[in-house]
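Read-outs throughout are calculated quantities, based only on the coordinates presented, and are distinct from any laboratory measurement. Small disclaimer: the values here were computed from a predicted structure and weren't measured. Cβ: placed from backbone, ideal geometry, glycine included. Neighbour counts: every protein chain shown.
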2 protein chains.
Amino acid sequence: MISPDVLTEFQDVVGSSHLLVDPGMRATYEVDWSRRWSGDAAAVIRPANVDEVSAILSVCNRHKIACVPQGGRTGLVAGGVPYDGAIVVSLERLNSLGPADYDAGQLTAGSGVSLAAVQESAARNGWEFGVDLAARDIATIGGMIATNAGGMRVVRYGQMRAQVLSLEVVLADGSVLPGSGLAVKDNAGYDLSQVVIGTEGTLGIITAATLKLVRALPQRVTALVGLDSLAAGLSLVGKLRRGSGGLDAAEFTQERAMDLVCRHLGRSCPIRRSRWYVLVECAGDTDPADAMLQAIETAAVPDEVAVAVDAPGRQSLWQLREQMPEAIARLGIPHKLDVGLPFGKLDDFSRQVGAAVTAATSPASEIFLFGHLGEGNVHVNVTGVSADDERVDDAVLQLVARLGGNIASEHGVGRAKVPWLHLVRTPAEIQAMRSLKTALDPNWILNPGAVIPLIDQHPITATVVSNDDGIGR
Amino acid sequence: MISPDVLTEFQDVVGSSHLLVDPGMRATYEVDWSRRWSGDAAAVIRPANVDEVSAILSVCNRHKIACVPQGGRTGLVAGGVPYDGAIVVSLERLNSLGPADYDAGQLTAGSGVSLAAVQESAARNGWEFGVDLAARDIATIGGMIATNAGGMRVVRYGQMRAQVLSLEVVLADGSVLPGSGLAVKDNAGYDLSQVVIGTEGTLGIITAATLKLVRALPQRVTALVGLDSLAAGLSLVGKLRRGSGGLDAAEFTQERAMDLVCRHLGRSCPIRRSRWYVLVECAGDTDPADAMLQAIETAAVPDEVAVAVDAPGRQSLWQLREQMPEAIARLGIPHKLDVGLPFGKLDDFSRQVGAAVTAATSPASEIFLFGHLGEGNVHVNVTGVSADDERVDDAVLQLVARLGGNIASEHGVGRAKVPWLHLVRTPAEIQAMRSLKTALDPNWILNPGAVIPLIDQHPITATVVSNDDGIGR
């Protein structure tokens, strides 16, 4: 627990209305979208600007108080939820947009700005933003950079890292790294912004970002394709990547997951049942439809294709993909595991994962697979088992590692996957991460327990995150 | 000097034919392209693979021997040249290409592979590489990643950082970070590859890289445009960035620099004399010429435009830009300073830099400006003053800092610019760099003196780099 004197120090920084200690006030900030992870915060603090973030971290560092930076709470790996004794620093009030340079295609945003707000601002000025994901209205730019978020357009534009020109970051001791701001191509020393991206709040708190915008493409076509094998899907994606217009998205879904989302939406699937469904979108200066259909015809029989060229039609196809998490959630809180497989192992994985989970848990478990085919990124959703049954996580992640994949493809490690990090990272790699952590945050106050396994020598005790039912892990 | 026993240890790793101690054998490895920087190496070591690099660094770390990693020596800031007591580790023998995945658009290259070899391999398989620069036949992938090289296509594809999916890196203690290899979208822990990019060999030695390829665009048009002001050029670039096809390059040259390169090539300029010349290239699936000309006509009078649509024509225009360094070098060894300016300050800079240098040195100095307009990146070449006259560097870099620019835009800091780093980086930023350096290289054996100012407490003595005339700095 935090002493009243320290709470007074925090209150001096943000004022009483932005220091939340009452459990009712804190509740919103203590759970994430997964509904699987939650915890109790000693306090929730809502700074208004970079100076207040700096002052808060100075206090935390002096008193060695663990501190969990928080964006829109759309994470799924317990990286942004608190645990006993930690405070939450919510960045939601750092929500101002600008300045921008629309000749250069650059936009600055506070870390609390939503993805949707950035997308809208870009669109109003003749640009687009290179990242899109279903949580766009709630996910924040700061959180998305801290987790190096991916989403639907990675195949063309890369992850959040690729959209970042420069960051303003506050380090654990309260010192501010101002970054380069607008109009940057700056190689004057180490790029500290790039060091911080994807470290899930463990190396510094992001307070603002200068983002790179991408050119708006006037012609866009979406197609849902039914296929017998993922190998056919990969070959299709390979053709579209190199083809006219260029590939903007390549999602995939398994038969049983498509059944579920159609039931959830009360719709029938626009194409006949297939073992796999691949949703591809191409965009360019000219209509990419002909080139797309030509590529699709070599991969699928024609009556298994639905093509949408206008916005409502495209949205209707996308709904089948974007509503997938909600459709699955109706069956109960699922285990959600975000993993990556080498392209050649995707088929093996899809055939083996069900048996692996059933063997580890119970025959009642059910597996739903969907994800981003362009990157071999599979979202594994398991229902029919208790939400805190870690045998599921273990069975899936061990299989992934055996097939040469990675245990965290775009959702990060958080606290949820720390016990399995050693499966895919060598001791030298984990030691290097630990050295970087200690270099920038000697007291390990920033999100301790996330990403890197804690060891006894760390100044901050390895406080554990709790499941909903209070079982520590 | 290095003891014979230690040399024997090195020889046991690489064999006698790849341990060069004879001054005649070493000479090639002791000077860079600038001709301004050179030094004496205690030895030059040429490992054949990652295991040999690891073994060499283990020896260096144990004996605290400073070690300068070296690529193609096309650097211009003394980042890859040795100094007394240091050894050079040349990566030239790590020159194998592959494996590749041409459905995913990924290619792996050893750090000693030339840029041209990567470009050719990509092209043979229906792809392109996103970075291009005039030194393509000699510059190596490892060196380009270590310096986060830029070049002509940054405006579309970003710098080297944006092309890197994953790196294999050897740390100072000899431990190997294997990276993720092909087919990566991997957020399992800190992205150590991204930490190492652009740190100029001070945090680790890059031994291999998995590179992302870009889609080959079939239609390409180049235009040379004469303009009265850089503001008109920036407005043109802003239009082309958003226009049909998309902008691939936007270079600029000053009148006097164009005169010089035309004399050097024995050609006349294809358009009439202008205060500024802007070379733009657009590429796409369809012919971008109409959209380009429409944008150009709003920025320049028609008879000041030369358009090239075929390869020989485009090459002829590009020659005027690519031969610029050679044309200037005929006047003597120039001071070459690579700086960045906010777009709104480019004009101010171009008007003030001549007077600033003249005031600091002599009226005989002459300034040639050219560079990458899309990023506000200016290559300042100063002739007519002694090559070791640091008053030039000081005058230019102070002016850049006063105008809110950065002192190192794409060539890095090396050793040449360390004395001015404080102009653009705060004490907190430099301290953070120093902490990262100490975390990954506790004995400061990797390229000490490059990028970050050495301080007395560092285990490695601050051995200085020499100018050609032997004057330490």
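In this label model, A:A401 and A:V301 are separated by 4.3 nm, measuring between points 7 Å along each Cα→Cβ vector.
The mean sequence separation of alpha-carbon pairs under 8 Å and at least six residues apart, normalised by the residue count of chain A, gives a relative contact order of 17 percent.
Distance from the C-alpha centroid of the stretch B:391-462 to that of the stretch B:285-339: 34 Å, rounded to the whole angstrom. Hydrodynamic estimate: the Kirkwood radius of the stretch A:1-109 over Cα pairs, inserted into Stokes-Einstein at 20 °C and 1.002 mPa s, corresponds to D of 146 µm²/s. Backbone N atoms of the stretch A:115-131 closer than 17 Å to the 7 Å Cα→Cβ label point of A:D137 belong to residues A:115-121.
Quick one: A:I407, B:I206, fewest Cβ neighbours within 10 Å first, how do they rank? Before the final figure, lay out each step's value.
On the way: A:I407 26, B:I206 32.
Going from least to most buried by this count: A:I407, B:I206.
Under the convention of a label 7 Å out along Cα→Cβ, give the distances in nm from A:P363 to the same position in every other copy, shortest first. Computed spacing set for this position: 9.9 nm.
Find, among the trypsin sites (Lys or Arg not before Pro) in the stretch A:217-313, those assigned to loop by DSSP (not H, G, I, E, B) with at most 15 other beta-carbon atoms within 10 angstrom. Each step should come with its number before you reach the end.
Working: sites: A:R220, A:K239, A:R241, A:R242, A:R256, A:R263, A:R267, A:R272, A:R273, A:R275; in loops: A:R267, A:R272, A:R273, A:R275.
Sparse-neighbourhood loop trypsin sites (Lys or Arg not before Pro): A:R267, A:R272, A:R273, A:R275.
Can you figure out the FRET efficiency of B:Q352 with A:D228, using R₀ = 56 Å and their beta-carbon distance, to the nearest 0.05? Step by step, r from the Cβ atoms, then E = 0.25.
For a paramagnetic label modelled on A:Q219 (point 7 Å from Cα along Cα→Cβ), amide N atoms under 12 Å away belong, within the stretch B:283-319, to B:285-287. Copy-to-copy label distances for A:D12, where each label lies 7 Å from Cα along Cα-to-Cβ, are 6.1 nm in order of increasing length. Rounded to 0.05, the FRET efficiency of the B:S17 and B:D310 pair, given R0 = 51 Å and the Cβ-Cβ distance, is 0.60. Look at where the Cα atoms of the stretch B:15-67 and of the stretch A:193-264 average out, and the two centres are 44 Å apart. Against the main long axis of the alpha-carbon atoms of chain A, helix A:255-265 sits at an angle near 70°.
Values of log10 I(q)/I(0) for the stretch A:190-255 across q = 0.22, 0.24, 0.28 Å⁻¹ run -0.91, -1.01, -1.32, by the Debye formula with one identical scatterer at each alpha carbon and no solvent.
Summing +1 for each Lys or Arg and -1 for each Asp or Glu, what net charge is found among the other residues whose Cβ lies under 10 Å from the Cβ of B:A116? Result for the local shell: -2. For the stretch A:200-303, rounded, prolate or oblate, judged on the Cα gyration tensor with a ≥ b ≥ c (square roots of eigenvalues), a/c < 1.5 rounded, else prolate if a/b > b/c? Since a/c reaches 1.5 but b/c is at least a/b, the shape of the stretch A:200-303 is classed as oblate. Once both labels are positioned 7 Å from their Cα atoms along Cα-to-Cβ, the gap between B:A27 and A:E120 label points is 6.9 nm. Of B:Y157, B:G98, B:V88, which is farthest towards the positive pole of the stretch B:31-163's charge dipole, taken about the Cα centre with +1 and -1 on the beta-carbons of Lys, Arg and Asp, Glu respectively? My answer, from the dipole projection, is B:V88.
Between B:Q431 and B:D40, the contour length at 0.36 nm per residue exceeds the Cα-Cα span by 137.8 nm. At a Förster distance of 41 Å, what's the computed FRET efficiency of A:T286 paired with A:C262, Cβ-Cβ distance as r, to 0.05? Once the sixth-power term is evaluated, E becomes 0.80.
Exposure proxy ranking for A:T298, A:T361, B:T210, based on other Cβ atoms within 10 angstrom of each Cβ and starting from the fewest, stands as A:T298, A:T361, B:T210. Counts of other chain beta carbons within 10 angstrom of each beta carbon in peptide B:37-47 average 0.
For peptide B:244-250, the mean count of partner chain Cβ atoms within 10 Å of a residue's Cβ comes to 2. Considering all different alpha carbon pairs of the stretch A:238-299, the Kirkwood hydrodynamic radius works out to 13.0 Å.
Converting the Cα gyration tensor eigenvalues of chain B into ellipsoid dimensions via √(5λ) gives semi-axes, longest first, of 37, 27, 19 Å. Taking the longest Cα principal axis of chain B as reference, the axis of helix B:311-322 is set at about 70 degrees.
Please arrange B:V59, B:V221 by counting, for each residue, the other beta carbons lying within 10 Å of its beta carbon, fewest first.
Values: B:V59 20, B:V221 24.
So the residues, fewest neighbours to most, are B:V59, B:V221.
Could you grab the Rg to Rh ratio for the stretch B:54-181? Cα atoms only, Kirkwood for Rh. If you can, show how the numbers build up before the last one.
Values: Rg = 15.4 Å, Rh = 15.5 Å.
My calculation puts Rg/Rh at 0.99.
Please compute the average number of Cβ atoms from other chains found within 10 Å of each residue's Cβ in peptide A:192-198.
Details: counts 7, 0, 7, 10, 3, 3, 6.
For this peptide, the per-residue mean of nearby foreign Cβ atoms is 5.
Calculated on the alpha-carbon coordinates, the convex hull of the protein assembly as shown measures out at 160 cubic angstrom per residue.
Chain B has one residue whose beta-carbon comes closest to the axis relating it to chain A; that residue and its distance in whole Å are B:A439, 2. Counting only DSSP H runs of at least 4 residues, each contributing -39500 (n - 2.57), and dividing by the residue count of chain B, the helix-based mean residue ellipticity at 222 nm comes to -9000 deg cm²/dmol. Roughly how tilted is helix B:346-360, in degrees to the nearest 10 and between 0 and 90, from the longest Cα axis of chain B? Approximately 60 degrees, to the nearest 10.
Here the stretch A:1-91 carries DSSP beta bridges of which approximately 30% are antiparallel, counting only pairs with both residues inside.
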